[in-house]
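Nothing in this text is a laboratory measurement; each read-out follows from the coordinates by a stated rule. All figures in this text were calculated on a predicted structure; none of them were measured in a lab. A quick note on method: Cβ atoms are made from the backbone with ideal geometry, for glycine too, and the neighbour counts reach across all protein chains shown.
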Amino acid sequence: MTLDAAAKTGSVDLVIDTKSVDTGSELFNGHIQGADFLDTTQFPTATFKSTAVKFDGDKPVSVTGNLTLKGVTKPVTLNVTQFKHGTNMMKKDAIGANATATIKRSDFQMGKYAPMVSDDVTLTIALEAAVP
């Protein structure tokens, strides 16, 4: 992640270990890692690469980019729900942010059981980064 609040520019490049998805149920975690859903054997990572960051003042409010999940790339906008720049618990200059987006499972070849099971999935991304 890069951020220049004064210039109102930034970028986000995320790599997510798809096996790290935690539903709160060991049984369900195993199920969603299968071929009908995340297919973690064939697609061990998901990525998000930003194309634009929108600011309100000196704070980012949304990050638009391309999400690649299960080999499919689609545009997604992450809405920044929290953002803070300050000193972290380790007494280091840092930024922290939370962002969310709602995607459709079926857009990423994971639509099994839709619409009986909701096609909408909310992605929640939390991050903290040290400021050099």
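Summary table below
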item	result
Sum of side-chain charges, Gly71 neighbourhood, beta-carbon under 13 Å (Lys, Arg +1; Asp, Glu -1)	0
Size of charge dipole - the range 2-130 - debye, nearest 20, with Cβ of Lys, Arg +1 and Asp, Glu -1, no other charges	220
Distance between the range 74-101 and the range 14-38 - C-alpha centres, whole angstrom	24
Normalised alpha carbon radius of gyration of the range 2-130 [divisor 2.2 N^0.38 Å]	1.17
Calculated FRET value between Met1 and Asn29, using beta carbons and R₀ = 35 Å, to 0.05	0.80
Note, ³J(HN,Hα) from phi for the range 74-88, Karplus 6.51, -1.76, 1.60, rounded to Hz, x at Gly and Pro	9, x, 9, 10, 8, 8, 6, 8, 8, 8, 8, 10, x, 8, 7
Pairs beyond 21 Å (Cα-Cα), from Lys8/Lys104; Lys19/Lys92; Lys19/Lys70; Lys54/Lys92; Lys19/Lys91	Lys8/Lys104; Lys19/Lys92; Lys54/Lys92; Lys19/Lys91
Whole-Hz ³J(HN,Hα) from phi, Karplus 6.51 cos²θ - 1.76 cosθ + 1.60, for the range 92-98, glycine and proline x	10, 5, 8, 10, x, 8, 10
For Ser62, distant residues with modelled amide H under 5 Å away	Lys54, Val80
Table column - 3J(HN,Hα) (Hz), the range 16-28, Karplus curve with 6.51, -1.76, 1.60, x for Gly and Pro	10, 6, 5, 6, 7, 4, 10, 8, x, 10, 4, 4, 5
